[in-house]
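Here the structure comes first, spelled out in structure tokens, and everything after it is commentary.
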Amino acid sequence: MSLASSVSTHRRVGPSAFTSLVRTRRARERSILVTSTARTSSGDTAAFASNDVVGSALVEDAIEAASAAAPAPPASRLSFWLVTAATALALAASGTPSPLYVDYQAKWGFSATTITLIYGIYAGGVLLALLTMGGLSDRIGRRPVMLGSIGVLAASMVVFVFADNVGWLYAARAIQGVATGVFTGAAGAALSELHFRRDHRVASLVNSTATASGIAFGAVLTGVLAQWAPARLVTPYLVVAGLSVVVLVGIAIWVPETVANRQSLRSSLIRIQRLSLPAGIRREFAIGGLSVTAAWSVGGLYLALGGTIAKELLHVNNHLVAGLVILAVQGVGGVSQLIWNLTRPAATIRSSALVGSAALIVGLVLASIGLATSTSVTFFAGAIATGVGFGLAFMAGTRRVTQAAPDAQRGEVLAAYFVIAYIAISVPAIIAGLVSTHLGITETFYWFAGITSLIAAVVFVSSAREHNP
């Protein structure tokens, strides 16, 4: 309805009716806003945690949240970027331990299998939180969920500081996983609601980039501090904990609440997310599931064993190099999604899937050659190509499933999709750790690269046979 027609309507129906009409229209716009947030963020998710999708689409009552959304707050650029920084920091915390696993291994004498189990328990914690508390911020508000989650993440850093056996590492990673899973839902929704132009596509891209860059930043920061700062098993965690406190205070002071009609925590804490797979979308779901399996399994392997690969296979005993291995995959993955979306806004799912799956195959082949010849340059070139494939293949899979899912079941379908994703990011890495105790890291990487390349090839062929341009 145009401004002129609104004025005309006001003249015909009178002030009170006009006020009611405006309120109805605003309510409808808020409903569209929340629905758009759930759909758009799931299409544009870009990173290891795919956070805006997970936060909105995994919640059964994402659409119901429209009635709870407050009128647009006086969102400032500061509040938006504070939540962005918090998102990057939350994922940085998850990447902080990765370059240090080899140090814990040398200190306590556990196997590569234990490293992957320590890593994998984080993914289990995230998945548990998403399936039970993913929509918590829709019910009790964004601010309390973000503040509480950041506080718990800071506490997990303290657990790492005092760790004196492997059990402490399991506990710290489990706490991290649950806190990250709860945080990402609230932050993804808050970014869409706080964006200064209410541009949900831009907010989603920012969220995606912050997520991927956060993981990479955490790993690189740890690499730098562990290599040149004292107390390498303590200092990185204290730095991240300190940054968490700074961000927490910033959100408490400058980030407004965007949810009205909030419920009590006691009545809203746990709500189990249903899973669904309608018969009519099984082909699209299968291709999307294979795409995310190939992408996330590679990301999980590098996060879990990146330090081991750098030390044992590349013969580089440098923590920064271990961080750069993770940066080459995770950081490049997020940046590649951002560049793809900015330079090819009209690109189809098919083209994203073709480029992404091809890049995964090329990257894994190059990385394998680099390991076979102990050539760091070739290995890193492969890791970068793998990062491009990781980002685009994941994005294509998410968009494919989101687009195919019926409106009424989108949250349930995406919940099933992300169950596959989190299994892919943890279970293959754990299996690789088990196999490496018998075959060694080198042979295990070759087998892993071969199997993952076959999965990516299936995605490539299936996408190539599609007729859309």
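The values are calculated or read from the model by the stated rules, or taken from the named source; none is laboratory data. Only a predicted model underlies this, so the values are computations on that prediction, with no experimental measurement involved. Quick reminder, even Gly has a Cβ in these numbers, built from the backbone with ideal geometry, and neighbours come from all protein chains shown.
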Leu342 vs. criteria surrounded by 18 or more Cβ atoms within 10 Å (Cβ to Cβ) and in a helix (DSSP H, G or I): no
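Modelled with pLDDT under 95 and among the charged types (D, E, K, R): is that true of Arg173 in this structure?
no
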Only one of Phe394, Phe445 that is part of a helix (DSSP H, G or I) and closer than 13 Å to Trp296 by Cα: Phe394
Condition broken by Arg201, with the remaining ones in (1) outside any helix (DSSP H, G or I); (2) touching a residue at least 24 places away in the same chain (Cβ under 8 Å); (3) basic (Lys, Arg) satisfied: (1)
Candidates Ile287, Ile251, Ile272, filtered to the one that is modelled with pLDDT under 95 and not hydroxyl-bearing (Ser, Thr, Tyr): Ile272
Residue check for Ala171: part of a helix (DSSP H, G or I), of a type in the set (A, V, I, L, M) and either in contact (Cβ under 8 Å) with a residue 40 or more places away in the chain or farther than 30 Å from Asn317 by Cα (or both): no
Candidates Arg400, Arg410, Arg350 - the one that is at negative phi, in a helix (DSSP H, G or I) and under 18 Å from the mean Cα position of the chain (by Cα): Arg400
Residue list for segment 223-238, restricted to those being hydroxyl-bearing (Ser, Thr, Tyr) and either touching a residue at least 60 places away in the same chain (Cβ under 8 Å) or over 22 Å from Gly306 (Cα atoms) (or both): Tyr237
For Asp164: the one exception among (1) touching a residue at least 24 places away in the same chain (Cβ under 8 Å); (2) more than 24 Å from Ile420 (Cα to Cα); (3) surrounded by fewer than 24 Cβ atoms within 10 Å (Cβ to Cβ): (1)
Whichever residue in segment 433-462 is modelled with pLDDT under 95 and of a type in the set (Gly, Ala, Ser) and, among such residues, is surrounded by the fewest Cβ atoms within 10 Å (Cβ to Cβ): Gly440
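Out of the residues in segment 239-255 that are surrounded by fewer than 16 Cβ atoms within 10 Å (Cβ to Cβ) and in contact (Cβ under 8 Å) with a residue 12 or more places away in the chain, which is farthest from Arg143 (Cα to Cα)?
In this case the residue turns out to be Val245.
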